[in-house]
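K.L.:
One structure, as structure tokens, below. Some questions next.
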Amino acid sequence: MEPRIKMALAIILTAIIVGGIGIGVTVIVLTPPEADALEIYHWWTSGGEKAAVDALIAVFQTEYPDVTVIQSPVTGGAGYTMMGIIKPLVLAGEAPDAFQMHAGYEGKPYFDADLLESIDHIWDEDLKAAVPDVVESMNMFNGHYYSVPVNIHRVNVVWYNKDLLDDNGIDPATLTTWSKFFAACDTLKLAGVTNPVQMGETWTAAHTFEQFIASVGIDFYEDWINGEVTSATDTKLLEAFGYFETYMSYVNPDHAALTWDDATKRLITGDGAFNIMGDWANGEFFIANKTYGVDYGTFAVPGTGAMYGLCIDCFQHPRGVSHPTNSERWLKIVASKAGQDAFNPIKGSIAARTDADTTKYGAYQKAAIIDFGAVTYMFPSVVHGSGAPEAFKVKLSAIISSFVTNLDESAAASALTSYTTQISDEYTKVWSLD
Ligand code: GAL
């Protein structure tokens, strides 16, 4: 029986007993014990994602073998589908014991509605010492902790098919500007690769656009997430849209019908050479038994070599959950070294803890760990819930969805900037990225 239904039944039966005693009637009814369960929602449903979350749950089950873990996975990359399901549930007081969420702005509607428990006690000295400040602070509202991170994903990554580049004399290390990248795409097209770039559905287009914004400069990105890009004729904004328009001439025409992982898989099959995607893509290469540096490789999105774009998955303790003890246990496993070192090597992310056992991580992640420590700038992803108000993220997706079909730069710039002005009071955080 579903735990919430069991709980409701228990309450009704208890009410019958109490009511019966009150009117002098003897009624013997057995109250069923509360099921020892943990119910979690997440959107990790691609092959790599599922393998990773199963590994994390296995750590939980080793520690708590008697607890039944009920996963409620909601298909749809980056959580866009799940958000539409979880938000009404939580706002109606029907939250599961924990749910996947991005650090930063994404938790704010729940915090504002007083629907999250503060979890300061879980952030003990050990956890604070292990998690980098930039990540730690994104799990706080008003000076208190409300979530724990399980990972750090990098969003500004270009994935490539190594054979296609080698066969056409393209050295990925040289692709540091958009003009060099587009020249490489021309070379591939001439060699018969019809669509050198593979892209997927709407949110992946918005993800790509976010990287164009970063590529025109960290100061501009900072202004963008601080709600300060409000002119439709802003030259940097139009520059970003200009790159995107050129980029689209190399993209697969069926992009709108493709999930993110199907777009990534086209690099595995050799149907495409490049794919801009966060490093959860590594999980797809991993489960396909592909070797980093042999079958595929990565480089930073042109213009963003000194940057690490952050996407941080976390969990929280919603108020009034059915299994508060298990909710807390889950958060502790999520935050633990054992949990993170089981999950992240498969997921493609690096651990949110700096004391991770790096021997457990593959070649891509070993390089990412070095990059994380070496880059000059970090920027929080908007498309992955952290950098800007939720309303902006949702609107951005709609605007980019139109842009990739009509390629109307000035209409897109105008829609984006006027929306920023419209919701200006929702920009409550002032980011400082340098
Ligand atoms: C991100 C999420 C990652 C990955 C990706 C694709 O938003 O944080 O863990 O799952 O979406 O679904």
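K.L.:
So what's the back-of-envelope 222 nm ellipticity for the chain, counting only DSSP H runs of four-plus at -39500 (n - 2.57) apiece and dividing by all residues, rounded to 500?
P.N.:
When only DSSP H runs of four or more count, the value is -14000 deg cm²/dmol.
K.L.:
Quick check: the angle from helix 80-91's long axis to the longest principal axis of the chain, C-alpha only, nearest 10 degrees?
P.N.:
Long axis of 80-91 versus the principal axis of the chain: about 30 degrees.
K.L.:
Sticking to Cα atoms, compute the Rg of the stretch 321-434 to one decimal and its Dmax as the biggest Cα-Cα distance, whole number, in Å.
P.N.:
For the stretch 321-434, the Cα-based Rg and Dmax read 19.3, 53 Å.
K.L.:
Along each of its three principal axes, how wide is the spread of alpha-carbon positions in the stretch 168-289, in whole angstrom units, largest first?
P.N.:
43, 29, 26
K.L.:
Remind me, what semi-axes does the chain give for its equivalent ellipsoid, largest first in whole Å, using sqrt of 5 times each Cα gyration tensor eigenvalue? List each step's numbers first, then the result.
P.N.:
Working: eigenvalues 342, 118, 81 Å².
Its equivalent ellipsoid spans semi-axes of 41, 24, 20 Å.
K.L.:
Follow-up question, since we're still on this one. Hey, which lysines would be in cross-link range of Lys162, C-alpha to C-alpha under 20 Å, not counting anything within fewer than 8 residues on its own chain?
P.N.:
Reachable lysines: Lys180, Lys189, Lys265, Lys290, Lys366.
K.L.:
Another one. Hey, what did the chain get for relative contact order, percent, Cα under 8 Å, at least 6 apart?
P.N.:
Once divided by the residue count of the chain, the mean separation gives 26 percent.
K.L.:
Which percent of the accessible heavy-atom area of the chain goes to carbon and sulfur, probe 1.4 angstrom?
P.N.:
Values: 9330 of 16830 Å².
Solvent-exposed carbon and sulfur of the chain make up 55 percent of the total.
K.L.:
Continuing with this model, one more query. Spin-label point model (7 Å from Cα, Cβ direction): what's the Ala411 to Glu245 distance in nm?
P.N.:
1.3
K.L.:
Taking amide hydrogens as modeled 1.01 Å from N in the peptide plane, which residues meet the under 5 Å criterion relative to Val382, leaving out close sequence neighbours?
P.N.:
For Val382, whose amide H was placed from the backbone, the distant partners under 5 Å are Gly387.
K.L.:
What does the accessible area per residue of the chain come to in Å², with a 1.4 Å probe and no ligands, DNA or RNA counted? Walk me through the numbers on the way to the answer.
P.N.:
Numbers: 16830 Å² over 434 residues.
Computed with neighbouring chains in place, this is 39 Å² per residue.
K.L.:
List the pair-distance distribution P(r) of the stretch 99-146, using every Cα-Cα distance, as the percent of pairs falling in each 5 Å bin from 0 up to the bin containing the longest distance, rounded to whole percents.
P.N.:
5, 21, 32, 27, 12, 4, 0
K.L.:
Further, regarding this structure: For the chain, modelled as a Gaussian network with Cα springs under 10 Å, which listed residue fluctuates most, Leu91, Leu127, Leu164?
P.N.:
Looking only at Leu91, Leu127, Leu164, the largest GNM fluctuation is found for Leu91.
K.L.:
Mind pulling the angle between the C-alpha long axis of helix 363-374 and the longest principal axis of the chain? Nearest 10 degrees, somewhere in 0 to 90.
P.N.:
With rounding to tens, the tilt is 90 degrees.
K.L.:
Here's a follow-up. Say we join alpha carbon atoms closer than 10 Å with springs in a Gaussian network model of the chain; which of Gln61, Gln422, Gln340 then has the biggest fluctuation?
P.N.:
Of Gln61, Gln422, Gln340, the Gaussian network model singles out Gln422 as fluctuating most.
K.L.:
Let me ask you something else. Given the C-alpha atoms of the stretch 224-331, compute the convex hull and give its volume per residue in Å³.
P.N.:
With only Cα atoms used, the stretch 224-331 gives 218 Å³ per residue.
K.L.:
Relative to the longest principal axis of the C-alpha atoms of the chain, give the angle of the C-alpha long axis of helix 337-347, reported between 0 and 90° and rounded to the nearest 10°.
P.N.:
That helix lies at roughly 40 degrees to the long axis.
The values are calculated or read from the model by the stated rules, or taken from the named source; none is laboratory data. All of these numbers come straight from a predicted model, not from anything done at the bench. Every residue, glycine among them, receives a Cβ derived from its backbone with ideal geometry; neighbour counts consider all protein chains shown. All accessible areas refer to the heavy atoms of the entire protein, side chains included, with ligands and DNA or RNA removed. Shrake-Rupley method; radii C 1.70, N 1.55, O 1.52, S 1.80 Å.
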